[in-house]
Every structure is written in C-alpha cells, then in structure tokens.
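This report concerns only the one structure given below.
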Amino acid sequence: MKSPVVFLFAALLAGPAFATPPEPSTVLHALRGASGGDRWEKLHTLSAEGTLASEGLSGPLTTAEDLRNGHYRDMAHNPLFDTADGLDDQGRWHRDISGLIHEYNSAEAKTVLVTENWLRQRGYLFPERDDATFRTLEPTIEKGRSFDRVEATPRNGRSVTLWIDRASGMLDRTVMLSSFQTITTRYSDYRQVDGLRLPFRIAEDVGDPDGAAVSTIARYTVADGLPADALLRPSNRVTDVVMKNGATRATVPMHVESGMLLIDVSIDGKGPFPFVLDTGGHAILTPEAAKKLDLTTQGGGVSYGSGPGSMATQYTKVGKIGLGDAEIGNQPFVIIPFTDWPDRGSQEPVAGILGLEVFERFAVTFDYDAGQLILQPYDRGTAPAKVEGTTLPLRFTDDMPLTDATLDGKPGVFGIDTGNSGYTLIAPQWAGRVGIADRYLKGIASPTGGVGGLFVAHVAPIQSLLLGDQTVIRLMGMLTTPNAGATGNPSEAGNIGQNVLQRFKVHLDYRRDEMVLTPRPGYTPPTPMTAGFRALKKAHDVFTVVWVDKGGPAEKAGLKAKDQIVAVDGKPASDLGRAALTDWSINHPGKPLPLTLGGGRKVSITLKSLLD
C-alpha cells in the first residue's frame, strides 16, 4: 500500500491545473499552434523516407500522404519480404508477408478506415470542422510526464484517444481499438521541417511497446503535390507460381485428422510433410521442421492467435513450396514453437501451416469425398471457372475471410477458418448483444485455445446455423471469453471451422471475394461426444490431463487432473497423436474409451452425447 507521502507527492505533481480538464478545442488548438499553426491549412502532401525496424528485421521505408483526402501509401522492405499498406479511390488495401494484396473491406475495416483517414488528414488539428466529436478525458501523469487526453470520434468512425504532452504541446500517441487489438502509435523526436514540427520516430504496437514496429524518418518532403505513381498499389499479378508439365490445375492429397485439415507439401524438394491449411494464416514452420530442412533463421518477433497470449517467432525463407503440380517460389516463413498439436505419434509430425500464400495465388476447392485439394492458379491463361452452388460473399478486416451467417436466429459476421479444428466459436460480446450468451454459459466449461495459450470456454448445442440457403444441424457451439485473442473479437459473431465446412465441397475464390458451398451427398456428421476431460501431449510418450469436467464421464470413471495417460486401448502414447483421444467416438462409435495411466492403473470412460 502506498504511503500518505506518496499520495501527497502525486497530488502535488498533478497540481490545480488537473482539477478541471480543459475543453477539447483548447487542447487541440494549442496542439495545432505547437505543431505548425496555419501552415497546416496550406499543406497538400507529405512524403518521407527512412527505415522500418520490426521483429528483428529492418530495411528502407517510404511513405506518401495526400492530406486533402487522407489517401496514402506506405511501403517497406527487409531482407526477407516486402510489405505495404494504402488507401486510394477503391478503398483500403494491404500487401502482406506473402507478397500479394487483399482489400480491407468488412464493416469493421470500414469503420476503422474512417478514423485512419481522419488521422492521416490531421483532422484533430481542426476541431472547428464538423467532422468529429470530442470529449476531454482526465489528464494523467506517466513516468513523470503530464498529458492532456482527448477522445475523438470521427463521424461513422472508431473512437481514438489522443495523448498530448503538456510540456512540449505535441501529440505523443494515439490509442485505438481495431478489431480485437488495441493499436498504440507513439510519436517522438520532433524536428522543424518547412515551418512544421514533425516526428522523426514513430512506433506502433498492439499491446507490447517493446515489440513495436519502429519507423525512423531520415527526411520529409513537404509539397503541393505527389508524383503520379506515388499512391499506386503494387502489382497484384502472380509471378512466382510454376505449373509443372503445362498443368492448368494441381491436386494435393488432403484429409481431416482430429479436426485438422492436413495437406501434403514439399519444401525445397524435400518431403512431403503434413501442413495445416489455414484460411486466416501465413506460412509457418515448427522449429523442428526448420531444423530438419537445415534452414537459417533471422529476426525475432511475436505472434498472436486464438489464445489470450503470444508466442515468440523467427523468420526464414524457402526456395520452393511444392503443392502437387504447383510450385510457389521464394516464400518467407515464420517459425513458431507450437505445443502438442504437431505430435502425431509414430506418424510424421505436422511441419507447419500454409495460408494466404495459397489462397492469394489460387482458387481453392476442398473436395473432402475425393480427399483432394484442387488449386486453380490466378493469372495463368483463363481465369478459374466460376463454381455453381450456394455462393457467399467474403470480405476482410485483416487476414481471415469473413461472411454473413445466422446462428440461433441471430445474424452476424463469422470468420471462415479452415484452421479451426474444434467447435464453431461464438464471440462473447456479440452473443451478449443479441441475447444468446446465457444459454451457452450454462453449457460445459472447457479449456481450449491455440497460438497464445489456453482459455476457458463454454460448450452447448447450436439450435441452428444458416449459411446462405444451407442449414447446418447437429452442431456444437463454443462461447469464448472477451480476453481470448482473435476468438474474443468484439466486431465479429464467431468463427466457423471444420465441423461445419467438411459437410460441404468448399470452393474459395479470393479474387471474386466469394465462397461456394455444395452439400456432400450422403454425408452424415458424427454425433458430438464428450469424455469430459482435456489432455495435452506435453511429452512424446504421455498425455497429461489438464482438465476434468466436474460430474462428467471422466470424473465418474476416476480420472483426475495431472493424471498421465501412457496408453489408449493398449497402444502406447508414443505411437499416438492427439487424434487418439479426440476422435475416439468417430473411429469407435459406442465403445468406451479405455486408458492406461502411469503406474498401470486402468480406467474406462463411457462417452456422453453433447446433443442430449
């Protein structure tokens, strides 16, 4: 507990000026005066050159802004890949690590874009304009520095908090919620440039200032206009795909294992290796796979995913990704140390994930009946043919494709996630807004998660799920928690994965921004069952029980948390992947789950239907 002396000292620091926060217009007009005054009214364009350092990689950066309409283009290069972002007459676009472009065109992206556009135009310097509302927040002291804070909400945009340093009068940072991440942009090292005070250091982070992407500006150019090509998007033509033997399409073996959709992939001529194909992901290798392939690594950063935390990353580059008769050349990979899911017992471990590298280069068909992934390359002869079926539009807030669906009679926006190997995920904020959260909160509490760690969710039957004109039945939903990373996204209703998608032949065409669903004739979804426990393969030869449902089948059979499972149905754990537990009811319908624990103790668990 702080002493009275500490509280008194803090009060003296705040001083009488903090008793009544100043009016927003007073703070913002002072900011305008400190940063260049009327010079901003005459300013048309601003460009800069410098260096971007992010995740242990660095290289040249160029930016160009039209302050009259907020259009811009930022382009960065490092030894492994290029990235770019921009806004033009067609909308907001993003060039990701895979080297190609997709739009940010969801309702959430458009809301965020309004505020990004307003910030690019320096709308906060002109509070007299009728394009935003303002309110003053309580001033604050941080590390001995005093700040005024103004919350600005551009019309139809997202609120953003402006932190203004009282000593310098300059903008210190902006803080804004975008999707499920809070983005903080910090400005420092202000210098005089042509009558303006401009920041020569700009750092952006999503919750970890130590992991910020830092732009160091070498020079600014203030002008009345930009070169004609300054705001042009980079080419989005696919130039790095080779089709062997004149093939017009490629087929790749695929299958679903424990909910994971796995495909056969070769890397630099070695393999094939099993990879997860994830619509919302990027090329990832496990450290073990990178070592086996003798790849050198560079940089270091952080990856966020479905859990509340993060994982350390590095980068590498491979010469060829082989997908049947298709090859993708010179692709960067992120190396992430996943936990238990790559372990498949006596089978080849999962080597990693592929994502936008595939979907931005091919129209992709998932033919579950044939056990094939079909790839039709873009920019090769005729465009991939349009597929007949239930067509759903796709759009993007970030990397995950989104579509409209209706769950339990409530419409919402759902991620289409081929990497989701579990139940349909339901976002808690959306469920609360539409009035269905209480029913799921009465379901079974269960730990789940992925990149970023485990979190507790609640599982209950979904009453109905409608995708276009397709109704999905006999389905479980998992209500996530607000702090569960991407799966706790406040702007989305949920996340649809393999337990829905494998009921259809699925066609994804990112160039047309559409998904086409064709029901699989005769397909009967398995009855969702539970043994009432969760176990992770923390070591190759044992499953460790991390959770047991109170009153559930496992507890009734005598299983406890921290029990070590050394065999399933007499087969040693070292020969088994996690599918041995999660797929038991599918592979052995109606049969109890027999387990051998450390010390030789045996238990037999009678599974329970989750639909009862």
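The values are calculated or read from the model by the stated rules, or taken from the named source; none is laboratory data. None of the values given here were measured: they were computed from a predicted structure. Here Cβ is always computed from backbone atoms with ideal geometry, including for glycine, and neighbour counts include all displayed protein chains. Note: areas computed on protein heavy atoms with side chains; ligands, DNA, RNA excluded. Shrake-Rupley method; radii C 1.70, N 1.55, O 1.52, S 1.80 Å.
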Please list, ordered by first then second residue, the pairs with beta carbon atoms under 7 Å, 6 or more apart or interchain, first in the stretch 523-540 and closer than 14 Å to Leu581 by Cα, second β-branched (Val, Ile, Thr) and part of a loop (DSSP other than H, G, I, E, B).
Leu536/Thr339
Can you list the strands (runs of 3 or more DSSP E) lying wholly within the stretch 130-207 that have 1 or more residues being out of contact with any strand residue (DSSP E or B) (no Cβ under 9 Å at 6 or more places or on another chain)?
171-178
Within the stretch 529-539, track down each residue that is over 27 Å from the mean Cα position of the chain (by Cα) and modelled with pLDDT of 90 or more.
Met529, Thr530, Ala531, Gly532, Phe533
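Restricting attention to the stretch 131-151, and to residues there that are in contact with a Phe, Trp or Tyr (Cβ under 9 Å, 6 or more places away or on another chain) and touching a residue at least 40 places away in the same chain (Cβ under 8 Å), which single residue is least open to solvent (accessible area, probe 1.4 Å)?
Pass one, the stretch 131-151, residues in contact with a Phe, Trp or Tyr (Cβ under 9 Å, 6 or more places away or on another chain): 131-132, 134, 138-142, 146-151.
Cutting the leftovers down to touching a residue at least 40 places away in the same chain (Cβ under 8 Å) gives us 134, 138-139, 141, 146, 148, 150.
Numbers: Phe134: 52, Glu138: 109, Pro139: 18, Ile141: 58, Ser146: 35, Asp148: 20, Val150: 0 Å².
The selected residue is Val150.
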Restricting the first residue to the stretch 288-299 and requiring it to be free of Cβ contacts under 8 Å to residues at least 60 places away in the same chain and under 16 Å from Ile353 (Cβ atoms), which pairs with a second residue that is surrounded by fewer than 17 Cβ atoms within 10 Å (Cβ to Cβ) and among the β-branched types (Val, Ile, Thr) meet a Cβ separation below 7 Å and a spacing of at least six or different chains?
none
Could you tell me which residue of the stretch 42-76 is most open to solvent (accessible area, probe 1.4 Å), considering only residues that are free of Cβ contacts under 8 Å to residues at least 60 places away in the same chain and of a type in the set (Asp, Glu)?
Asp74
Between residues in the stretch 206-226 that are within 16 Å of Asp194 (Cβ to Cβ) and residues that are part of a strand (DSSP E or B) and open to solvent by 50 Å² or more (accessible area, probe 1.4 Å), which pairs lie under 6 Å by C-beta distance while being six or more apart or on different chains?
Ala218/Glu49; Arg219/Glu49
Taking the stated definitions as given, is Leu232 modelled with pLDDT of 95 or more and open to solvent by less than 50 Å² (accessible area, probe 1.4 Å)?
no
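Is it true that some residue in the stretch 93-100 is in contact with a helix residue (DSSP H, G or I) (Cβ under 7 Å, 6 or more places away or on another chain), within 24 Å of Leu402 (Cβ to Cβ) and either in contact (Cβ under 8 Å) with a residue 24 or more places away in the chain or not polar (S, T, N, Q) (or both)?
Within the stretch 93-100, the subset in contact with a helix residue (DSSP H, G or I) (Cβ under 7 Å, 6 or more places away or on another chain) is 96, 98.
Now narrow it down to the ones that are within 24 Å of Leu402 (Cβ to Cβ): 96, 98.
Applying the additional criterion that residues be either in contact (Cβ under 8 Å) with a residue 24 or more places away in the chain or not polar (S, T, N, Q) (or both) yields 96, 98.
Yes, the conditions are met somewhere in the stretch 93-100.
Quick check: is even one residue across the stretch 163-178 in contact with a His (Cβ under 8 Å, 6 or more places away or on another chain), in contact (Cβ under 8 Å) with a residue 12 or more places away in the chain and among the charged types (D, E, K, R)? Break it down into steps so the answer makes sense when it comes.
Let us first name the residues in the stretch 163-178 that are in contact with a His (Cβ under 8 Å, 6 or more places away or on another chain), namely none.
No, the stretch 163-178 contains no residue that is in contact with a His (Cβ under 8 Å, 6 or more places away or on another chain), in contact (Cβ under 8 Å) with a residue 12 or more places away in the chain and among the charged types (D, E, K, R).
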All conditions in (1) part of a strand (DSSP E or B); (2) acidic (Asp, Glu); (3) under 29 Å from the mean Cα position of the chain (by Cα) are true of Glu108 except (1)
Take the stretch 583-608 and flag every residue that is part of a strand (DSSP E or B), touching a helix residue (DSSP H, G or I) at 6+ places or on another chain (Cβ under 9 Å) and exposed (fewer than 14 other Cβ atoms within 10 Å of the Cβ).
Ser604
Against the condition over 24 Å from Glu41 (Cβ atoms) and touching a residue at least 12 places away in the same chain (Cβ under 8 Å), how does Glu128 come out, does it pass?
no
At pLDDT 95 or above and not aromatic (Phe, Trp, Tyr): does that describe Ala17?
no
Taking the stretch 567-582 as the search range and keeping residues that are among the hydrophobic types (A, V, I, L, M, F, W, C) and more than 32 Å from the chain's Cα centre (by Cα), which one is surrounded by the most Cβ atoms within 10 Å (Cβ to Cβ)?
Ala573
Filter pass, Asp210 being under 26 Å from the mean Cα position of the chain (by Cα) and loosely packed, with under 14 Cβ neighbours inside 10 Å
yes
Among the numbered criteria (1) part of a strand (DSSP E or B); (2) in contact with a Gly (Cβ under 7 Å, 6 or more places away or on another chain), which one does Arg92 miss?
(2)
Can you confirm whether the stretch 188-202 contains a residue that is open to solvent by less than 40 Å² (accessible area, probe 1.4 Å), of a type outside the set (A, V, I, L, M), at pLDDT 95 or above and in contact with a Gly (Cβ under 9 Å, 6 or more places away or on another chain)?
yes
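Residues that are in contact with a Leu (Cβ under 6 Å, 6 or more places away or on another chain), closer than 27 Å to Ala84 by Cβ and open to solvent by less than 40 Å² (accessible area, probe 1.4 Å): which strands (runs of 3 or more DSSP E) entirely in the stretch 235-288 hold 1 or more of them? Before the answer, list the steps.
Values: elements: 241-243, 250-257, 260-267, 270-277.
Per the criteria, 260-267, 270-277.
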Name the single residue, out of those in the stretch 410-421 being open to solvent by less than 20 Å² (accessible area, probe 1.4 Å) and among the small types (Gly, Ala, Ser), that is farthest from the chain's Cα centre (by Cα).
Gly412
Restricting attention to the stretch 374-422, which residues are within 24 Å of Arg95 (Cα to Cα), touching a Phe, Trp or Tyr at 6+ places or on another chain (Cβ under 9 Å) and aliphatic (A, V, I, L, M)?
Leu375, Leu394, Leu402, Val413
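Could you list, in sequence order, all residues of the stretch 23-70 that are small (Gly, Ala, Ser), part of a strand (DSSP E or B) and within 24 Å of Gly195 (Cα to Cα)? Please lay out each step first, then the result.
Going through the stretch 23-70, the residues small (Gly, Ala, Ser) turn out to be 25, 30, 33-37, 47-48, 50, 53-54, 56, 58-59, 64, 70.
When the remaining residues are screened for being part of a strand (DSSP E or B), the result is 47-48, 50, 53-54, 58-59, 64.
If the condition is that a residue be small (Gly, Ala, Ser), part of a strand (DSSP E or B) and within 24 Å of Gly195 (Cα to Cα), then Ser47, Ala48, Gly50, Ala64 are the ones that fit.
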